[in-house]
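In what follows, a structure is listed as structure tokens, so that the remarks can point back to it.
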Amino acid sequence: MDASSIAASLLGTRLTLWLGPTIAVPAPAVIVQALASVEVRLSDGDYDGFELTFTVGRTSALAMDYTLMMNPLLRPSTRVVIQVWLGVFPQVLIDGFITESSLNPGDEPGSSTLTVTGLDLRMMMDVRQMSMFYPAQAMEAIIEEILLPYMMYLGMPPQVESPDPSVPPPSEWIPVKADTDLVYLTQLAHKYDCVFYVEPTTVPMINKAYWGPVANVSVPQAALSVNMGPETNATIRFRYDGRAPTLVNGMMLDKRTGLVLPVITAFSTRMPLAVMPPVVVQGATMRMSSPAEANNVEYVEAMLQAQAQTNRSSYALKAEGELDMLRYGNILRPRRLVGVRGAGYMFDGLYYVKDVTHTIKVGEYKQRFTLTRDGFGSLTPVVPT
């Protein structure tokens, strides 16, 4: 058990809600006292999101409206930072903006609720659709230029790791962005088997923006334990999809040479997390696919796209479950590794955390999660606890 787990068990878990137009500050007492529940959804793919539910009421029988409905801090476009304290160790779950609110009037006194929902900071990159041209610029320079206007929300320089350092000659090709910044960055990442995300640091309103290869090599988080008596801290169910892994086998027209060339992938190049990956376990039933969007591009780019298609499909073993926060004592984060123990050799070992949903109420803190990896059998005899 690490220091944060010990502190959480001794000092308890607390939540701090920050609200504001652009710079958020701790929410006033009238809002905090009305807060009934918090849900935060963190994922390695789509938007991260949050949902805040408040108990609302009228201050008197003659009041014209619910008190909180008139508070400008709970309206769309308000910045929200949700911070959790595990004892004395603070961690920020999400930094984002309110997108909508809904009122559910109740029949009984005290049963009316106001629910506000929102998305992470990437929503600010998905507001304005504009065409931009980037002649004679490398991919890394383009991405950094796109992210520059959002430094007021990030608070720190973005981390960009481009797999393609080349600079296309303007006479051959000029990169064009014809959609919102977020759509362009996401499509570009998908094309090269990369990811783009923004996640908070431990300091409120300081956020890390990352564009680059999938970072599935990390220090594993505290292990999830099942079927281990008093050490059990989670319930997990496992599922393997034998038709998910996909290899590419087809032909493409190279726009540079005019030759018809083969585009073939034989295995995933992502870090293996299991002894028996899909090509071994389900080699006979693995699906074959034609190269997507392989024409009118150069051969190297077509191969990169094909390999990205195979890599994205390789993690076919999924594990879904729920944490007992009082026993686990840590925040489970997506886009990182975590160990599983107690499920037997075929399912124990390291997994990639795909998504986590935090549900917080007074006296209750649950974390639902989805883990994934490429096959059966643990690569390591032990996992960090």
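The values are calculated or read from the model by the stated rules, or taken from the named source; none is laboratory data. Just so it is clear, the structure is predicted and the values come from calculations on it, not from any experiment. For neighbour counting, all protein chains shown are included, and Cβ atoms are generated from backbone atoms with ideal geometry for every residue, glycine included.
Checked against the criterion of being in contact (Cβ under 8 Å) with a residue 60 or more places away in the chain and exposed (fewer than 12 other Cβ atoms within 10 Å of the Cβ), segment 141-154 contains one or more residues that satisfy it. How many residues, within segment 193-211, are over 14 Å from the mean Cα position of the chain (by Cα), at negative phi and crowded, with 18+ Cβ neighbours inside 10 Å? Number of matching residues: 1. Could you check how many residues of segment 220-278 are aliphatic (A, V, I, L, M) and more than 23 Å from the chain's Cα centre (by Cα)? Qualifying residue count, segment 220-278: 15. Listed by position, the strands (runs of 3 or more DSSP E) enclosed by segment 173-264 that each have at least 3 residues that are within 29 Å of Arg341 (Cβ to Cβ) are 194-200, 221-225, 234-240. Candidates in segment 1-32 are the residues that are over 24 Å from Met205 (Cβ atoms) and not in a loop (DSSP other than H, G, I, E, B); of these, the one that is modelled with the highest pLDDT is Leu11. Of the residues making up segment 184-202, those that are out of contact with any Phe, Trp or Tyr (no Cβ under 9 Å at 6 or more places or on another chain) and closer than 10 Å to Asp95 by Cβ are Pro200, Thr201.
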